[in-house]
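The values are calculated or read from the model by the stated rules, or taken from the named source; none is laboratory data. Bear in mind the structure is a predicted one, so any value in this text is a computation, not a measurement. Quick reminder, even Gly has a Cβ in these numbers, built from the backbone with ideal geometry, and neighbours come from all protein chains shown. Note: accessible area is taken over every heavy atom of the protein model, side chains too, but ligands, DNA and RNA are not part of it. Shrake-Rupley method; radii C 1.70, N 1.55, O 1.52, S 1.80 Å.
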Amino acid sequence: MKRVVGSPGTWSGMALRLSQCVFAAASVFSMVSGFGYSNYSAYFYMNLALILQLICSLGLACKDIFALRNKKDLHTPDNLFIIVMVDWVVATFMFSGACASASLTIFFMWDVNFCETYSKLACRQFVLSVVLAFITWLLQAASSFSAFWLLVSFS
């Protein structure tokens, strides 16, 4: 069995999954606590993608904890294929949601000056949420590439 940092069933893999959960939850909380996020579809889509990320990462973190506790091997081709597919689909949703929200935030702050005109709009919280979403996506990319590396090494 190969040891790849961040792969499923390892301590580093569990740490990556739990940190994905923490950053996704922080991003959702930052966005939801701001005024006016639900009026814009990009922010709503990013929150939906973050909640999906949170659920999937929490499930895979529980799977890692179970494997570590019971000394199970998660490095089978079938198991890795499912994990890689879930990771790549969720990573695609996360990246598209974060990019759409980042472009909307830049549009509000610099192009049309909504943040200065409408002081109730929580632009700083939107920026924080987008940055946390990109950090979540980077953590997701790291864990999905490590699982993909293991999957490719079987053939």
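Going through the range 3-42 one residue at a time, which ones are among the hydroxyl-bearing types (Ser, Thr, Tyr) and in contact with a Leu (Cβ under 8 Å, 6 or more places away or on another chain)?
Listed by number, the residues that qualify are 7, 10, 19, 27, 30, 40.
Which one of these is within 30 Å of residue 147 (Cα to Cα), in contact (Cβ under 8 Å) with a residue 24 or more places away in the chain and not in a helix (DSSP H, G or I): 73, 87?
73
Mind checking which residues of the range 122-155 are polar (S, T, N, Q) and either open to solvent by 20 Å² or more (accessible area, probe 1.4 Å) or under 13 Å from residue 97 (Cα atoms) (or both)?
125, 129, 136, 153, 155, listed by residue number.
Name the single residue that is surrounded by the most Cβ atoms within 10 Å (Cβ to Cβ) among those in the range 102-121 being small (Gly, Ala, Ser) and without any contact (Cβ under 8 Å) to a residue 60 or more places away in the chain.
Per the stated criteria, the residue is 102.
Select, from 59, 13, the only residue that is surrounded by 20 or more Cβ atoms within 10 Å (Cβ to Cβ) and either assigned to a helix (DSSP H, G or I) or touching a strand residue (DSSP E or B) at 6+ places or on another chain (Cβ under 9 Å) (or both).
Just a single option satisfies the conditions, and that option is 13.
Assess whether residue 85 counts as being aliphatic (A, V, I, L, M) and surrounded by 15 or more Cβ atoms within 10 Å (Cβ to Cβ).
no
When the range 28-45 is examined, which residues are found to be among the aromatic types (Phe, Trp, Tyr) and touching a residue at least 24 places away in the same chain (Cβ under 8 Å)?
Matches in the range 28-45: 35, 37, 40, 43, 45.
Examine the range 25-36 for a residue that is modelled with pLDDT under 90 and of a type outside the set (Phe, Trp, Tyr), and state whether such a residue exists.
yes
Inside the range 105-135, can you point out the residues that are within 15 Å of residue 35 (Cβ to Cβ) and not in a helix (DSSP H, G or I)?
Answer for the range 105-135, where residues must be within 15 Å of residue 35 (Cβ to Cβ) and not in a helix (DSSP H, G or I): 118, 119, 120, 121, 122.
Filter the range 97-118 for residues that are closer than 21 Å to residue 45 by Cα and among the hydroxyl-bearing types (Ser, Thr, Tyr) and give the result.
Within the range 97-118, 101, 103, 105 qualify.
Which members of the range 17-27 meet the condition of being touching a residue at least 24 places away in the same chain (Cβ under 8 Å), open to solvent by 30 Å² or more (accessible area, probe 1.4 Å) and of a type in the set (A, V, I, L, M)?
18, 25, 26
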